[in-house]
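Heads up: the structure comes next, in structure tokens.
Only the coordinates and a few stated rules stand behind these numbers; no lab work does. A quick note: this is a predicted structure, and the numbers were derived from the prediction, not measured. All Cβ positions, glycine included, derive from the backbone under ideal geometry; neighbour counts span all protein chains shown.
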Amino acid sequence: MQLIELLSQNPIFANLSSQDQESLAKSAITRNYQKGEWISHLGDVWPYIFVVEEGCVTPLKESSERSLIVVELGVGEVFWGLSFFLEAALMPVALVAKDVCRISMWPIDHIKPLLLKNGQMSWELTRLMVQRMQYASDILDEFAFQPVTGRLARLLLEHFDDAVGDYVARDMTLDEMAARIGTTREMVCRQLYKFADQGTIQINRTEFMISDQERLENIAGKI
């Protein structure tokens, strides 16, 4: 999909005039990344807002012991560095290409005049910020009040929703699972085999199946 089409379909840019959309598309800084390539690092001053044109971008929080992936940004989604709004503010997360991807980005100088003259654009960007804050709050609540067992059960139900009663390929590594629920790969491995011993799931090196959906939902706190 062309960048101009993505802009016209995104609520933040949709209310701009066709002339402003075309101007933005022409002034965009386009970057291509390979799978696993870093777009920005934790602690960088990165004063851009971007749209994902192709592939998927992962905001990643890392420490010496574990990683945390809160969200993945697909085609058409928008993200920004803190210094886009607050000069010299440092990136609270790293940005990594989950697969081959392309982004188009703009520095604040290109976007600020449009935000100041277009109230609807400013409103939609504010709405997106609030939605992201709400989502982050929900994640924090889950980490604070739900044990790792429940978080892993929820991840399995959501990511492997087609694995109920049927084997599917394991397309997430232990490290990826751990990063999604804020724990270590060792904890994920132990808990998966505990689920298997209980008969809740069946798992081998390449395939996965949910044997007892109701029990897994109980563990996840969904019923």
Modelled label-to-label distance, Val100 and His41, 7 Å Cα→beta-carbon offset: nm? 2.7
Starting from the Cα of Thr184, step 7 Å along the direction of its Cβ; do the same at Ala136; then give the gap between the two resulting points in nm. 2.7
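Antiparallel DSSP bridges in the chain: what percent, to the nearest 5? Write out the running numbers ahead of the final one.
Numbers: 29 of 30 bridges.
Beta bridges within the chain, antiparallel portion: roughly 95 percent.
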Alpha-carbon spread of the chain, three principal axes, descending order, Å: 60, 33, 33
Would you list which aspartates and glutamates come within 20 Å of Lys117, measuring only between C-alpha atoms, while excluding same-chain residues fewer than 8 positions from it? Asp20, Glu22, Asp109
Using only the C-alpha atoms of segment 1-61, find the volume of their convex hull and express it per residue in Å³. 106
Between segment 176-210 and segment 143-168, what is the separation of their alpha carbon centroids in Å? 9
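Where does the chain land at 222 nm, in deg cm²/dmol rounded to the nearest 500, when only DSSP H runs of n ≥ 4 count, each adding -39500 (n - 2.57), divided by all residues? If you can, show how the numbers build up before the last one.
Numbers: 9 runs with 99 residues, N = 223.
Result for the chain, helices only: -13500 deg cm²/dmol.
Figure the gain on full extension for Gln198 and His110 (residue separation times 0.36 nm, minus the Cα-Cα span) and round it to one decimal in nm.
On the way: separation 88, 0.36 × 88 = 31.68 nm, distance 5.66 nm.
Contour length minus Cα-Cα distance gives 26.0 nm.
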Any idea how far apart Glu62 and Asn32 come out in nm if each label point goes 7 Å out from Cα toward Cβ? 2.5
Residues Leu115, Leu6 arranged by fewest to most Cβ contacts within 10 Å: Leu115, Leu6
Residue of Pro92, Pro47, Pro113 that the Gaussian network model of the chain assigns the largest fluctuation, springs spanning Cα pairs under 10 Å: Pro113
Computed over segment 156-210, the ratio Rg/Rh where both radii use C-alpha atoms and Rh is Kirkwood: 0.93
What FRET efficiency, computed as 1/(1 + (r/R0)^6) with R0 = 41 Å and r the Cβ-Cβ distance, is obtained for Phe143 and Glu5, rounded to the nearest 0.05? 0.65
As straight-line cross-link partners of Lys35, the qualifying lysines (C-alpha separation under 22 Å, not fewer than 8 residues apart within one chain) are Lys61, Lys98
Test of understanding: ordering Leu16, Leu82 by Cβ neighbours within 10 Å, fewest first, what list do you get? Leu82, Leu16
